[in-house]
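What follows is a single structure, written as structure tokens, with notes after it.
Read the figures in this text as sums done on the coordinates, not as results from a lab. Just so we're clear, the structure is a prediction, and the values are computed from it rather than from any experiment. When we count neighbours, we look across all protein chains shown, and the Cβ atoms used for this are built from the backbone with ideal geometry, even at glycine.
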């Protein structure tokens, strides 16, 4: 199944086709009880789960996608148009860096179960206490740094507002739905302000698979105080 001729033929395929074939071989190896042999073959021939063009794709996203300045302009323009609870929702989403569906669930919990959700002493929302809502198979979020004004803002956000409902409201006003900008603004702003990528990853639900993070990186809780100060600055940036 995994002889040299098979692997040599596999290496002649285009990157995308090779990846599809590898997925099939991996599934077959599990079904036939030869998955260990498949893993050894991958290691021996340096087979990678990649099409080989990831670096170019990432480069194009960084250089050619909508810039940070343009994303800020979009959110400021939308906030000026919608005002009220919907504007509050966009501001809240930007200051937490959550995915839209996570922001909606977060607001609902603030409205209905704040005591269990908000760790006042640490100044964080503890999403991890609600795994059915926030710890999904491929997308997770563990905590968000907040202060009292941000909690108050959430109380003036609409409850159970779906992504599609918001999209339709913006469409009626002639505005595009780019709510995913909120998360990108959050991450880019904090990085520009000197916050470590590891902290930004943590706040956006990513745990890097590195020895450094898993075994050595243990930041002080005072780092959250710094982030709270930065988020006040971000708030002023998008609403003034």
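Of note:
- Take each peptide in 151-161, 18-28, count the other Cβ atoms within 10 Å of every residue, and average; sorted highest first, the result is 151-161, 18-28.
- Folded to 0 to 90 degrees: helix 15-31 orientation relative to the chain principal axis, Cα: 80 degrees
- For region 142-240, the convex hull spanned by the alpha carbon atoms encloses 137 Å³ per residue.
- Once the chain from residue 23 to residue 168 is taken as fully extended at 0.36 nm per residue, the excess over their C-alpha distance is 48.3 nm.
- Packing-based order for 93-103, 109-119, using average beta carbon neighbours within 10 Å, highest first: 93-103, 109-119
- Max mean-square fluctuation residue, GNM over the chain, Cα-Cα springs under 10 Å, options 88, 108, 164: 164
- Highest mobility in the GNM of the chain, judged by mean-square fluctuation with C-alpha springs under 10 Å and restricted to 137, 191, 183, is found for 137.
- When the alpha-carbon atoms of the chain are used, the pair Rg, Dmax equals 22.1, 66 angstrom.
- For region 49-199, relative contact order (Cα pairs under 8 Å, six or more residues apart, normalised by length) works out to 31 percent.
- 222 nm mean residue ellipticity, helices alone, for the chain (DSSP H n ≥ 4; -39,500 (n - 2.57); rounded to 500): -18500 deg cm²/dmol
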